Structure formats: C-alpha cells, structure tokens
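Notes follow once the structure below has been shown.
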Amino acid sequence: MNDRQQIPISDLALERFLLGELPDAEKQQISDRVETDGVLRRRLEDLRASNRQILEEAPHAQVATEIRNRLETDVPRRTISRWVPALAVAATLLLFVPNLLRSPNEPGYIGIKGQTPHLVLYRQIDKRAQRLDDGETAVEGDLIQIVYVSPDSGYGVIFSVDGRDSLVLHRAERGISFKLETGRPDTLGFSYQLDDAPEYEKFFLVTSDRPFHVAPLLKRVREAPRAFEPSEAFRLDTFTLKKE
C-alpha cells in the first residue's frame, strides 16, 4: 500500500499517540508510518513543538526550584527576596505534615490499603498543618501543602485551575508524568500560596499505569478548564478549595 492509499491519521490520533493512550497495535502502526512518511513526521514534530510551548507557558509552582536556580546563577539578592519567605514557610509546613502521616496510631494518619490514588491538602496555620476537606473555604495568601496517596505503582501529574481558568503545573518530570511513590503518602516538597483568583482553586491528580507526556493533557485542560475529563486510559482525582 503506497502513501496515497494509507488511511489518514487525525491530529487527535497523533495527540493520543504522544500521550500514550493508543492501543499497542495502533501505536506501532503510527511509529512505522512515521519512519517512511515525511508529511506525518512533520505533523508529529509540529505537535511536539506545540506541546513544548504549552509546557513553557504553564506556570510551575516549585518555589524551591526557582530559588535554587536563581541562586546558582548568582542573581542579586533583591531579585530572589520575594521567594525566600515562601520557601521558609514551606519548610516549616513540611516539618509538620510528615508527622501527621507517619504513624497509624497518630491522629490524622492517612491509610493506603484499598484506596485509589488521591490528593490530600493541608493549610499552614501558625506552626501547625490543618488537614482540609474537599470543598473547604480558603483565602488569598493561604499556604497549601499538596500530598498524594497511591496504593499502587504508576505515573501521574498534578496541576490546578483557578477561577480565572489559569492553569498551574505542580508536579511533572521534565514534561513527562512522574513515578508515583507507593507505600506511604508523598509530599511535593514545597508549598503553594493561593493568589487573589476568585471562586475556587481546583487541584487535579491524573494517573496512569504507564508514563505519559504532560503537554497534550494540559492542552485538553486549557480547551475546557471547567469541564476537563481525561480518557479512560487515566484515573482522575480532584480536590476543590472554595475562595472567599
């Protein structure tokens, strides 16, 4: 069969290919076609470039990483000063959250057996961590610690969308889903400070049995931030904070 006779491949199929959603047989067919079809190869490269742009435009919440990068490039102190208080408070919060998670005999312990991957959120109040309920009220300036719990191995990404439909990426690994920690709750290593966005901040944990590219998923979120639902290849857990 020559190129003219081959069945056309839609952009949606290519996005699902990059996201790792296609069955193995279809994935192999596209991989084989890309080797010999220059037009298809360019389309795939264009999609990858678009995905890289999406990742570059998505704000990332890793305050500690920002500080480390700025310090390593020897940026003047006044440039990093706005990050330092948040890092200090984040470190304080992290001291308290693991204490709540460590022992089954302690109040607030989060069990794992029999659960699906899900989010647990804490808010810092003075020098203690308050566990939040889904749907609880929060205000601008609240420092939130994001914890995820997963009984099984797999891969995931964590992001949030606020009342302005702004998207913030909280955890991924260089554009790829991160490997889930199992056997115990896992913190992100930094706190997230709520801004003045109205209505809500909704946090998403999307997981899969296989690694996946993050950008195609974020593209779907941006297209329908208030109605996002991943395909059946993924598991989804959400946690919403109402904003005063």
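The values are calculated or read from the model by the stated rules, or taken from the named source; none is laboratory data. From a predicted model like this one, the values you see are computed outputs, not experimental measurements. Neighbour counts are summed over all protein chains in view; Cβ atoms, including those assigned to glycine, are modelled from backbone coordinates with ideal geometry.
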(Q) Of all residues being at pLDDT below 90 and touching a strand residue (DSSP E or B) at 6+ places or on another chain (Cβ under 7 Å) in region 102-129, which is nearest to Arg210 (Cα to Cα)? Just the residue, please. (A) Thr116
Q: Just need a number here: residues in region 203-233 that are crowded, with 17+ Cβ neighbours inside 10 Å and in a loop (DSSP other than H, G, I, E, B).
A: 4
**Q.** Residue list for region 34-61, filter: at pLDDT 80 or above and crowded, with 17+ Cβ neighbours inside 10 Å
**A.** Val34, Leu40, Leu44
Q: Would you please name the residue that is surrounded by the most Cβ atoms within 10 Å (Cβ to Cβ), looking only at residues in region 163-187 that are at pLDDT 85 or above and charged (D, E, K, R)?
A: Arg171
Q: Taking the options Ala215, Ala227, name whichever one is in contact (Cβ under 8 Å) with a residue 12 or more places away in the chain, over 14 Å from Leu119 (Cβ atoms) and not assigned by TED's automatic domain parsing to the domain that holds Leu44.
A: Ala215
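Rundown of residues vs (1) more than 18 Å from Thr238 (Cα to Cα); (2) over 17 Å from the mean Cα position of the chain (by Cα); (3) in a strand (DSSP E or B), yes/no style:
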residue	(1), (2), (3)
Gly141	yes, yes, no
Ile144	no, no, yes
Pro151	no, yes, no
Ser160	no, no, yes
Leu169	no, no, yes
Glu201	no, no, yes
